[in-house]
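Read through the structure below, which is laid out as structure tokens, and then see the notes.
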Amino acid sequence: MFDIFAQMLQSDESVQFTITRKGDQLNVLVQPVFRGAIDDKAPEAAQNLRAALAMPLYVTTTPDALDRDFPRSLVEFAGMREQVHSNLASAMGRIKEAGKQALVASAASTDNNEDQKTVTTDGEKQPENNGVSGESVVTDKSLF
């Protein structure tokens, strides 16, 4: 069972595993826990995928049924989370790539504008930058 947990968890994730007895039955809660939140600038689809990853596995049944069926339920839960992780990673990769391409396009536009000059009131020519700064930093932690 712990092999399944190890496969299910990504970096910086944890899971809370809670068992509560209610009469003859047991309630089992497997709740994924994340450190940090997804960037607020992320598209709604990426935020929805992250919310899906936070969904718990909750089972109420007898101890015998848990012994027999819980490992299979946990494997299915882990498989679902793996698929959602893959979808989220793919979406975030596309977003970061689009951001990088936008920065390259912005830098190219800035370079083209440097060739254009504006005449000031004192007769000097000044480069136009149209308020665009070519200085942007992209890290693994940033969305873009």
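Descending by average beta-carbon neighbour count within 10 Å, the peptides 80-90, 5-15 line up as 80-90, 5-15, the highest first.
Would you list the P(r) distribution for segment 1-91, with all Cα-Cα distances sorted into 5 Å bins from 0 and each bin expressed as a whole %? Result, from short to long distances: 3, 13, 22, 23, 15, 11, 7, 4, 2, 0 percent. Element breakdown for segment 25-99 at a 1.4 angstrom probe: carbon and sulfur atoms account for 54% of the accessible area.
The values are calculated or read from the model by the stated rules, or taken from the named source; none is laboratory data. What you are looking at is a predicted structure, and each value in this text was computed from that prediction instead of being measured. Cβ: placed from backbone, ideal geometry, glycine included. Neighbour counts: every protein chain shown. These area figures cover heavy atoms from the full protein model, side chains too; ligands, DNA and RNA do not enter into them. Shrake-Rupley method; radii C 1.70, N 1.55, O 1.52, S 1.80 Å.
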